[in-house]
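Report on one structure; see the data block that follows.
The values are calculated or read from the model by the stated rules, or taken from the named source; none is laboratory data. Nothing here was measured: the structure is a model prediction, and the numbers come from that model. Note that we place each Cβ from the backbone using ideal geometry, even for glycine, and neighbour counts take in every protein chain shown.
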Amino acid sequence: MKFIDEARIEVIAGDGGNGVVSFRREKFIPRGGPDGGDGGRGGSIWATADRNINTLIDYRYKRRFEARNGERGRGADQYGAGADDIELRMPVGTQVFDNDSGELLFDLVAHGERALLARGGDGGQGNIHFKSATNRAPRTATPGWPGEERKLRLELKVLADVGLLGLPNAGKSTFIAAVSNARPKIADYPFTTLHPNLGVVRVGPEKSFVVADIPGLIEGAAEGAGLGHQFLRHLQRTRLLLHLVDLAPFDPDADPVKDARAILRELLKYDPELAAKPRWLVLNKIDMIPVDEREARVADFVKRYRGRGKAAIPVERVFSISALTHEGCELLCLTINQYLESIRPAEAADIDPRFDREMDSDVEEEGDAAHDEVGKSAGRDGDGGGDAAGRDPRSTGPRGPAAEGADDV
């Protein structure tokens with residue numbers, strides 16, 4: 001299936017049905033009064049995020065979506081039927097922009113999330129709503145409200161935890177194929193990858209992350225060289241970038257340090273916030289370097305890439321791997337998973353108060369304290385626990401005449 005990550009559509013909601021003017025006409029019932037019903041509601045257009053869809057190709061060829069109008073009202077107090085809504089299924093990660101103003105309207109980031117693209121018009125009122133004591137035969141009804149119309153621009157940004165970037169033929173597709181079940185096209189010529197690929201990397205039970213592979217960048221991509229930098233939008237949602245560098249290029253005149261710095265410049269031209277994301281260096285194809293020379297080649301590359309002074313480039317982590325032989329890939333994936341878990345926000349525990357022992361013990365302690373306080377206050381009211389008249393507070397029965405006489409004496 002062809003990967004489409006941008007489309008423009010037009011959505012037109014249905015108009016509301018008109019209210020009607022009608023009067024009750026039955027035998028032996030003179031002056032039956034108004035009975036005109038309301039019009040039905042026009043159909044609305046909704047967007048729903050669906051994780052089973054990964055492209056906007058459905059909206060590349062069909063660009064106009066129009067809902068039905070609501071039915072007009074009828075006599076005998078009959079309301080018009082409302083029109084059915086239209087559901088547009090879109091990939092998770094789709095952003096909806098207003099095509100005229102460029103304003104971001106909705107961002108569908110969760111499966112099942114819905115957004116109202118165009119609201120259907122409300123139905124008009126029939127003359128049954130306009131009767132009164134002074135106007136018993138109203139001949140007034142209102143038309144239905146028009147539905148909303150919008151021209152929208154859809155833009156897909158894939159949801160991934162880790163993004164791969166680098167020059168063409170740096171080994172990005174080989175790496176994602178080595179660590180996940182993704183099977184991108186791999187060949188020995190540049191720009192083999194023409195659209196983003198996603199792969200799920202599993203490092204243990206219930207431990208996994210998603211990697212996004214985008215087409216390669218070259219110097220001058222901001223000016224349209226190569227495939228441009230249009231696919232960089234798919235890295236804006238990631239939390240970590242892996243910069244793959246070919247440490248053993250076939251071209252003897254190629255300089256890996258110069259090429260790596262060119263990628264960083266392209267990131268800064270496209271989006272400084274994207275360039276500021278955590279970025280790890282992954283030096284690929286070390287299997288093509290003799291074992292006794294690898295350490296020196298890696299150290300020399302990092303030293304030259306980092307630079308000096310104010311123009312120095314911060315280097316967080318450096319990994320040496322071979323995507324072809326899988327050397328170093330397992331350690332890299334485990335380290336990535338640990339990093340993602342460390343920055344993942346902690347989820348609040350769902351505590352059921354019915355089974356919270358701490359809460360129950362606190363309630364019991366508060367009850368005991370209140371009981372003791374009542375006992376102390378009763379003891380302060382009279383010495384020995386009696387009231388002011390010397391009666392035992394434990395006696396709750398009514399006082400008889402003899403007792404009252406004794407008190408009088």
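Over 26 Å from H111 (Cβ atoms) and buried (at least 16 other Cβ atoms within 10 Å of the Cβ): does that describe D50? So D50 does not fit the description; no. Collect the residues in region 158-172 that are over 17 Å from P278 (Cβ atoms) and β-branched (V, I, T), keeping them in residue-number order. The one that is over 17 Å from P278 (Cβ atoms) and β-branched (V, I, T): V158. In region 234-327, counting only strands (runs of 3 or more DSSP E) that sit wholly within it, the ones holding 1 or more residues that are closer than 30 Å to L156 by Cα span 240-246, 279-284.
Within region 53-65, if we keep just the residues that are of a type outside the set (S, T, N, Q) and in a loop (DSSP other than H, G, I, E, B), the residue that is surrounded by the most Cβ atoms within 10 Å (Cβ to Cβ) turns out to be L56.
Out of L117, L164, one residue alone is surrounded by 17 or more Cβ atoms within 10 Å (Cβ to Cβ), touching a His at 6+ places or on another chain (Cβ under 9 Å) and outside any loop (DSSP other than H, G, I, E, B). It is L164.
Of all the listed residues (D253, D271, D246, D213), the sole one being more than 26 Å from the chain's Cα centre (by Cα) and modelled with pLDDT under 85 is D253. The residue pairs whose first member lies in region 38-56 and is within 26 Å of Q78 (Cα to Cα), whose second member is of a type in the set (K, R), and whose beta carbons are closer than 8 Å, counting only pairs six or more residues apart or on different chains, are G39/R72; G40/R72; G42/R68; G43/R68; S44/R119.
Screening A133, A137, A170, A110 for residues that are surrounded by 17 or more Cβ atoms within 10 Å (Cβ to Cβ), outside any strand (DSSP E or B) and modelled with pLDDT under 90 leaves exactly one candidate, A170.
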